[in-house]
Structure formats: C-alpha cells, structure tokens
Amino acid sequence: MAVIAELGRTIGKSMPYEFVPGLRVGKGGLPEDDRICMWVEGAEHQNPVFDSKTPAIPGQALTLRNDLQLASIRPEVQSDGITLSAPGLEDLLIPTVEDVADNRIPVKIWSWHGEAIDQGDEAAKWGEAIFKRPVRFVRISSEAPRYVENNRALGRVAFSDGYPLTIGSLKGIELINQRLESYGQAQIPPEQSRTTLLLEGLDPPYELPEYAFPEDYIASLVFEQDDLELEFEVQKACGRCLIMNQQRQTGENIKGRKVLYALGQLGRQGRHIDIDRFGDGIEKFWTQNASIRLPKNMPPDFVFKLVRNAEVRVNYRPTPNWVPLSIRTAA
C-alpha cells in the first residue's frame with residue numbers, strides 16, 4: 001500500500017494549479033473540476049510555440065508555454081457557472097451554458113480535434129483584454145466527450161494534454177531538489193510538479209537503481225471505497241517541457257532555474273519503450289500519465305472521494321516503461 005500525500009488540480013488548462021483537500025470521481029470518470037475549461041484562439045494567429053510557418057488556428061488551445069498571461073487567470077467553479085478573475089479586471093461570472101450542438105465550437109489540443117462548449121461573447125471580450133487578440137473561452141462537453149488516445153476503452157479526458165491524471169512521488173521531488181541544491185539553487189515546491197496524485201510509501205518489491213523515481217514502476221493504483229474499486233492505469237511516462245522552469249504565479253521563466261537540466265543529470269532523459277504507440281522522440285520524464293477505469297458495478301450516482309492520507313493499493317511493473325539514454329552521477 002501507498003499513501004496519497006497530496007492531490008492537485010487546475011480548473012483551467014495551463015491556469016493556476018493548487019493542492020486541494022480532496023478530489024471526486026463520479027460517473028463521468030474524471031477528477032471533478034480538473035481542467036474543465038480553457039482559452040482557445042479566436043482567429044488565425046502566428047503563435048511562436050508552433051512552426052513559424054504554420055499559424056495557430058481558431059479553436060487551438062492556449063498554453064502557458066507561450067501565453068504567460070494564463071498564470072494570472074483564476075477560474076472558480078460556482079453552482080451556476082464559472083467566475084473568472086485576473087489582476088486589473090473585474091471578476092466575471094459566466095452562467096452555465098447548455099451543452100447543445102449550437103453552443104459547441106471546434107477545438108484543438110495538439111493532435112486532438114473535437115468540440116467544446118463556447119462560453120459566449122462576454123467571456124471572449126474579457127479574455128481579449130488580457131491576451132490582446134481574439135480568443136474564446138470554452139468548457140468540456142459531456143455530449144461530445146474526448147477520449148484518451150481517441151480510444152473509448154481508455155476512458156475520458158478533459159483538457160489536459162492527453163490523460164486525465166498524473167501520478168508522482170515525494171521521493172522524485174526529493175531527488176530533483178537534491179540535484180538543484182548541488183547547483184546552489186533553491187528547491188522547488190511539490191506544486192511545481194502539477195501532478196494529480198503525489199504518493200509516499202511506494203515500495204516496489206525489488207531493488208531499484210540509486211536515482212530511480214519509484215512511480216516509474218507503477219502499473220496501476222487501486223482506491224477502494226464502499227467495496228467498490230477505482231483503478232488508475234498507467235499508460236505512459238510524462239515528458240516535461242519548459243513549464244517546469246517557470247514561476248507558478250506569473251508563468252515567467254526563473255533565470256537560471258534548472259529543473260529540466262536536473263532531470264537530465266538524474267538520467268531522466270530517454271525514449272518510450274512502446275515507440276509504435278508513443279513515438280521515438282527523446283524526452284525528459286517526470287511522473288506517469290494514467291487513465292481511469294470505473295468499476296462495472298458502480299451505481300450511477302456513486303462518487304469516489306479521494307482525500308489526503310488515503311491508502312491506495314499499488315500493482316508494480318518489473319521495469320520502467322521508458323529507456324534512459326544515460327545516468328550521470330556527478331553534478
């Protein structure tokens with residue numbers, strides 16, 4: 001068994017991430033209120049995060065990689081909609097918009113194309129004051145759901161990059177901070193991982209390499225409540241980007257921060273084993289992406305309630321699901 005040390009979520013894609021006391025998972029098979037809304041392009045736009053010859057298209061997701069303003073926008077879920085707040089602007093309550101075809105627009109997250117519920121012109125105007133260009137604000141659709149890897153059998157995913165949750169460990173953060181300290185840098189807080197479940201007490205039944213992150217050996221987690229089992233199935237290692245070097249409150253890169261460098265020095269640079277499924281590109285891995293499997297006998301109104309210090313049963317794999325290029329033990 002392992003213990004959930006922290007649970008995290010961000011209501012809006014690339015917007016502020018926070019630890020929360022608990023997360024609920026109901027019949028939709030998603031963590032409640034996690035990445036349920038996002039900003040998308042309102043018109044063709046030359047976005048430097050993409051190929052300079054290929055403009056971003058209407059409906060394309062905005063991310064913190066390129067639009068640092070996202071770090072200052074805080075959405076809050078209300079009983080009758082979503083409230084948006086940001087420095088210098090009046091708070092805006094967006095009433096719940098009906099999930100019908102006439103209210104949905106095409107959206108795009110990386111290679112995925114689908115539909116989301118447009119939240120109206122007032123929200124778009126509020127966002128344009130921040131981004132200084134046409135944007136739209138959208139919310140996930142239950143009627144036009146998005147599936148993990150476009151595979152209905154893997155369950156639903158909201159507006160995260162590809163999977164409904166990530167799994168990490170306090171041990172992994174400890175190893176990163178030890179390496180940062182060896183460079184004379186300040187430690188990163190656990191929130192920097194932007195992870196859904198942070199675990200402690202992971203104990204694979206075999207000896208691990210010196211710099212191993214124990215979450216790499218998780219095949220699945222099982223959370224039990226009222227004799228029902230909620231399963232989190234690890235699908236792939238999570239490749240990380242420059243967001244790990246950014247200041248969480250502003251989105252700006254912290255001068256000299258070396259989180260990605262530390263991952264490389266810890267031997268976290270490598271390739272997925274399943275290259276047919278995930279490609280053969282070189283990435284820097286930290287945490288694991290997982291899908292959610294609901295029990296077949298789950299009542300329609302049942303809700304799993306994950307909380308801090310709750311125990312989860314761990315099914316381990318004998319080896320990681322990615323291959324490192326090298327391990328460097330010296331700073």
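The values are calculated or read from the model by the stated rules, or taken from the named source; none is laboratory data. Here the structure is a predicted model, which means the values were calculated and not measured. Note that each Cβ is placed from the backbone with ideal geometry, even for glycine, and that neighbours are counted across all protein chains shown.
Looking for something within 19 Å of the chain's Cα centre (by Cα), in a loop (DSSP other than H, G, I, E, B) and either of a type in the set (K, R) or surrounded by fewer than 22 Cβ atoms within 10 Å (Cβ to Cβ) (or both) - is there at least one such residue anywhere in the stretch 108-131?
The answer is yes, given that some residue of the stretch 108-131 is within 19 Å of the chain's Cα centre (by Cα), in a loop (DSSP other than H, G, I, E, B) and either of a type in the set (K, R) or surrounded by fewer than 22 Cβ atoms within 10 Å (Cβ to Cβ) (or both).
Of all residues in the stretch 137-147, those being in contact (Cβ under 8 Å) with a residue 24 or more places away in the chain and closer than 10 Å to W112 by Cα number 1. When the stretch 128-181 is filtered for residues that are in contact with a Lys or Arg (Cβ under 7 Å, 6 or more places away or on another chain) and basic (K, R), the ones remaining, listed by number, are R146, R156.
So that you can scan it fast, the table gives a plain yes or no per residue for (1) under 26 Å from Y147 (Cβ atoms); (2) of a type in the set (D, E):
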{"site": "Q46", "(1), (2)": "no, no"}
{"site": "P55", "(1), (2)": "no, no"}
{"site": "I82", "(1), (2)": "yes, no"}
{"site": "S85", "(1), (2)": "no, no"}
{"site": "G114", "(1), (2)": "yes, no"}
{"site": "I117", "(1), (2)": "yes, no"}
{"site": "E122", "(1), (2)": "no, yes"}
{"site": "K125", "(1), (2)": "no, no"}
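Whenever a residue of the stretch 315-331 is modelled with pLDDT of 90 or more, its partners that are in a loop (DSSP other than H, G, I, E, B) and among the acidic types (D, E), lying with C-beta atoms within less than 8 angstrom and at least six residues away or across chains, give the pairs N321/D274. Filtered by the rule that a residue be modelled with pLDDT of 90 or more and either part of a loop (DSSP other than H, G, I, E, B) or among the aliphatic types (A, V, I, L, M) (or both), the stretch 256-273 gives A262, L263, L266, G267, R268, I273. In the stretch 56-85, of all residues being aliphatic (A, V, I, L, M) and under 24 Å from E44 (Cβ atoms), the one that is surrounded by the most Cβ atoms within 10 Å (Cβ to Cβ) corresponds to L62. Taking the criterion of being polar (S, T, N, Q) and over 14 Å from the mean Cα position of the chain (by Cα), the residues of the stretch 1-47 that qualify are Q46, N47. Has the stretch 63-75 got at least one residue that is at pLDDT below 95 and more than 19 Å from E128 (Cα to Cα)? The answer is no, given that none of the residues of the stretch 63-75 is at pLDDT below 95 and more than 19 Å from E128 (Cα to Cα). L197 falls short on exactly one of the conditions (1) surrounded by fewer than 16 Cβ atoms within 10 Å (Cβ to Cβ); (2) aliphatic (A, V, I, L, M); (3) within 30 Å of K108 (Cα to Cα), and that condition is (1).
In this structure, does G88 turn out to be more than 24 Å from the chain's Cα centre (by Cα), farther than 18 Å from I11 by Cα and either of a type in the set (G, A, S) or surrounded by 18 or more Cβ atoms within 10 Å (Cβ to Cβ) (or both)?
yes
If only residues of the stretch 270-320 that are basic (K, R) and more than 21 Å from R194 (Cβ to Cβ) are counted, the one that is farthest from the chain's Cα centre (by Cα) is K296. Taken over the stretch 51-87, the criterion of being closer than 20 Å to E32 by Cα, among the acidic types (D, E) and in a loop (DSSP other than H, G, I, E, B) is satisfied by D80 alone.
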